[in-house]
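Presented below is the structure to which this report refers.
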Ligand code: APR
Ligand code: PHB
């Protein structure tokens, strides 16, 4: 088999890259290790920056997103039993949209299949070869047959545990990493969310977040131990902990209980590799960087990466102009590091750190107070949260 760009991974990064390249008339093949059902049902975060919504809309992927997405103009920071609203729209003129990542993935897969373009699901033994030549190759097994795909370029969009980053010879990549001493226990519950906007709560028992998937489906998270077993928590314990952490002085927390439909634990990590390229292999999305979920930047960064990458690939395939591809890693990393800084900051501000001394504790409370009561402080949170401008 032969294609212009071989794409490993059918998450948001790989699927959107394939879509943008198709619109530019460039031929791609997408290879995915899991089944279609698995990638469409995998529950992940669900908050889109305005720039992400704009990119999806311009690419013709906005129909269901505009119908079903919930547009939010603000968020609440809750601490010391009091809520403080950050007016995202008033401060920045932008909004965010709640729309599950798996809904974006479903829309992308439907668009790809409607275009008659290939996605091979359930491929095994994927390997990338000859990366520092002009004819890189992907080998894999599909429906019981060994196959080889010759490419001009390969996009490694295969997530944090994929094979593409691992195929780059050691010593060529620099890794930057922070592992946090906690994780999130997340549930999906058949209950209306406690507020029409998101609530980020800092509490001495640990962080809690109340978000949603629809007006009748709550998505709720609790800071927990990094090795927590989600099934070791009874439903009652989860609800009691959420009530405690979301409690308000002199008012009901508004948290409503319902059947817990799903539960899981999300690890918290900051991770970047530099450069995001080796020869003709380009890493995008979680294959190259991970953020803790506190600022909801993961999918938004994957989308920004592939938008820049698609333009660079187009310039190369059309005019054999390598300049944008050569600049790609540095261009993408400039945005990635700002999102890394923001995600790390929001995580540090809102979580309980068991090893924090009383001085650090007071500093965090002062910073929260500053963010909630200074226009400059609130603006700094708001402009990062809604997404820094795309180029
Ligand atoms: N061969 C083929 N596909 C693979 C392989 C492999 N060897 N290894 C992994 N994959 C697939 C995974 O099954 C997954 O579907 O690559 C895909 C990677 O998708 P994501 O993990 O969703 O990563 P990405 O597209 O970069 O999207 C980033 O996903 O993890 C969230 O929070 C993150 O929202 C962010 C977004
Ligand atoms: C989510 O809706 O899953 C979500 C929203 C905001 C976050 C993290 C997760 O910061």
Has segment 139-159 got any residue that is farther than 20 Å from residue 4 by Cα, in contact with a helix residue (DSSP H, G or I) (Cβ under 9 Å, 6 or more places away or on another chain) and modelled with pLDDT of 95 or more?
yes
Look through 359, 282, 316, 271 and report the one residue that is out of contact with any helix residue (DSSP H, G or I) (no Cβ under 7 Å at 6 or more places or on another chain) and surrounded by 17 or more Cβ atoms within 10 Å (Cβ to Cβ).
271
Flagged in segment 166-195 as more than 22 Å from the chain's Cα centre (by Cα) and within 24 Å of residue 95 (Cβ to Cβ), in numbering order, are 192, 194, 195
I need the full set of residues from segment 113-151 which are in contact (Cβ under 8 Å) with a residue 12 or more places away in the chain, under 30 Å from residue 52 (Cα atoms) and not in a strand (DSSP E or B), in order please.
115, 117, 118, 121, 122, 123, 151
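The values are calculated or read from the model by the stated rules, or taken from the named source; none is laboratory data. Model, not experiment: these values are computed from the prediction. Because the Cβ atoms are built from the backbone with ideal geometry, glycine has one as well, and the counts that use them run over all protein chains shown.
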